[in-house]
Ligand SMILES: [Zn+2]
């Protein structure tokens, strides 16, 4: 059983790259309309870029 687990693969919310299990990835939980939403980022740079753009 070595099938790929698609559900474990997410895309970076900032650049769209695939975010794999790595030490660099960042996961941020935001709440939209009372629902928890997980935002994935491939590294701190993407997270900070998104944070800047979303707070502007
Ligand atoms: Zn990214």
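The values are calculated or read from the model by the stated rules, or taken from the named source; none is laboratory data. The shown structure was predicted, so the numbers you read here are calculated from the model rather than taken from an experiment. Here Cβ is always computed from backbone atoms with ideal geometry, including for glycine, and neighbour counts include all displayed protein chains.
In the stretch 30-49, what count of residues is obtained for those that are loosely packed, with under 11 Cβ neighbours inside 10 Å and touching a strand residue (DSSP E or B) at 6+ places or on another chain (Cβ under 9 Å)?
Number satisfying all stated conditions: 3.
Please state which of the following conditions residue 13 fails to meet, knowing it meets all the rest: (1) within 15 Å of the ligand (Cβ to nearest atom); (2) in contact with a strand residue (DSSP E or B) (Cβ under 8 Å, 6 or more places away or on another chain); (3) modelled with pLDDT of 95 or more.
(3)
Could you tell me how many of the residues in the stretch 31-52 are part of a strand (DSSP E or B) and either within 10 Å of the ligand (Cβ to nearest atom) or farther than 17 Å from residue 16 by Cα (or both)?
6
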